1. Restricting segment 284-330 to residues that are part of a helix (DSSP H, G or I) and either among the polar types (S, T, N, Q) or in contact with a Cys (Cβ under 6 Å, 6 or more places away or on another chain) (or both), which is surrounded by the most Cβ atoms within 10 Å (Cβ to Cβ)?
2. Which residues, counting only those in segment 51-80, are within 29 Å of ILE36 (Cα to Cα) and among the β-branched types (Val, Ile, Thr)?
3. So LYS170 passes all but one of these: (1) surrounded by fewer than 16 Cβ atoms within 10 Å (Cβ to Cβ); (2) at pLDDT 90 or above. Which condition number does it fail?
4. Can you confirm whether segment 193-201 contains a residue that is in contact with a helix residue (DSSP H, G or I) (Cβ under 7 Å, 6 or more places away or on another chain) and among the charged types (D, E, K, R)?
5. For segment 121-129, check the following and say yes or no: at least one residue is in a loop (DSSP other than H, G, I, E, B) and modelled with pLDDT under 95.
6. Which members of segment 19-46 meet the condition of being surrounded by 15 or more Cβ atoms within 10 Å (Cβ to Cβ), among the polar types (S, T, N, Q) and outside any helix (DSSP H, G or I)?
7. Can we say GLY216 is in contact with a Ser or Thr (Cβ under 8 Å, 6 or more places away or on another chain) and not in a helix (DSSP H, G or I)?
8. Out of ALA138, ALA127, report the one residue that is out of contact with any His (no Cβ under 9 Å at 6 or more places or on another chain), free of Cβ contacts under 8 Å to residues at least 12 places away in the same chain, surrounded by fewer than 21 Cβ atoms within 10 Å (Cβ to Cβ) and within 15 Å of GLY257 (Cβ to Cβ).
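The values are calculated or read from the model by the stated rules, or taken from the named source; none is laboratory data. Computed from a predicted model, the values in this text were never measured in an experiment. With ideal geometry, Cβ positions are generated from the backbone for all residues, glycine too; neighbour counts draw on all protein chains shown.
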Amino acid sequence: MSTKAIPGRAGPKGPTFAVLASNEVGLLLITVGAVIVFSYLAPGFDSPFNIYALTRVLAIDVVIGFSMMVVLVTGGLNLAVGAIGVSAVMVGGWAMQVAGLPIIVSALLALAFGAALGALNGILTVAMRVHSFVVTLATMSLFFGAMIVLTQAEAFNALPAEFVSLAKLKTWFFASSMLYASIVVGLLLWWLFHHTLIGRQILAAGANPSAARLSGVPVERTIVVCHGLSGALAAFAGLMLTARNGAALPSMAGQLGMDWLLPAFLAPVLGGTLLTGGTLSVAGTFLGAAMVTVLSNGLLQLQVGEFWVQAFLGVILLVAVVLDRLRAHVMAKRRVR
């Protein structure tokens, strides 16, 4: 369920409030309904191969959504999610293929590099006293451009077979093993925001920075921590995508990493993370990504053009933003009461 910085009093249990408060349940019902409909309309939708392929995509999109979620909760944005992810995996690919480092060391190096780039975003945001939208818009180009120059746009496509095989493992119900990796990441994030001091400080700082400062919360530090965590999560998503592709590709997140922006926003915003900060939902982000992945896959199975699918996802994002505004309005009224 969602995590809020300031729990409001019990309000009226009208239909509107019930719909807004049960965001995760609504997403689950829509996703299950879509699975049933597509299984009937598209013969190959529920095949073992498609389930495996769908869960591989879902796992990556979930972690990309988490990467944006942990910055949104501060009231900020991270437009450099894709640029950080691809830059980090190019470092990891170099470590595995060129330097010959062990897989675990290379993966940790990629995660550390992603965290460092993310923390740099946070430091610049705090030091320059500007919104992270401006900072990450600039660093998106900076990180991606530097990566292209340093790697000469060459892929690392001779990665260890043991690393690539991690993405090919199938588990229960034909699901990819990467799906369970994303679930573990989600559980760790849930624990962070529910059971740690820094998690509560992040929520307080996102909800009301001025009040948080008066309470002794190091607001600036929480911003840097969240951006660093976002970078590490982007790197983890990149490692998953690299294992799936069998190579570290400079183009894996599109030009400037922009291919990741839509899934990065859709999952958390649909899931109940407020754009204004202070409230997030780990489960909602997972279910938001699941709904989008199922709808996209099902429409493609029905041979709907990919451009139409992208347009449809854009409409979903607009609807999610409207719901975000309504949700924030209802929560503000409850706090006043």
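1. As a first pass, look at segment 284-330 and keep what is part of a helix (DSSP H, G or I): 284-301, 306-330.
After this cut, where a residue has to be either among the polar types (S, T, N, Q) or in contact with a Cys (Cβ under 6 Å, 6 or more places away or on another chain) (or both) as well, the list is 285, 293, 296-297, 301, 310.
Numbers: THR285: 33, THR293: 24, SER296: 21, ASN297: 22, GLN301: 19, GLN310: 11.
Of everything passing the filter in segment 284-330, THR285 is surrounded by the most Cβ atoms within 10 Å (Cβ to Cβ).
2. Within segment 51-80, ILE51, THR55, VAL57, ILE60, VAL62, VAL63, ILE64 meet the criteria.
3. Here LYS170 clears every test but (2).
4. no
5. The initial filter retains those residues of segment 121-129 that are in a loop (DSSP other than H, G, I, E, B), namely 129.
When the remaining residues are screened for being modelled with pLDDT under 95, the result is 129.
Yes, segment 121-129 contains at least one residue that is in a loop (DSSP other than H, G, I, E, B) and modelled with pLDDT under 95.
6. Result: no residue meets the conditions.
7. Details: in contact with a Ser or Thr (Cβ under 8 Å, 6 or more places away or on another chain): no; not in a helix (DSSP H, G or I): yes.
No.
8. Working: ALA127 fails: within 15 Å of GLY257 (Cβ to Cβ).
Just one listed residue meets the conditions, ALA138.
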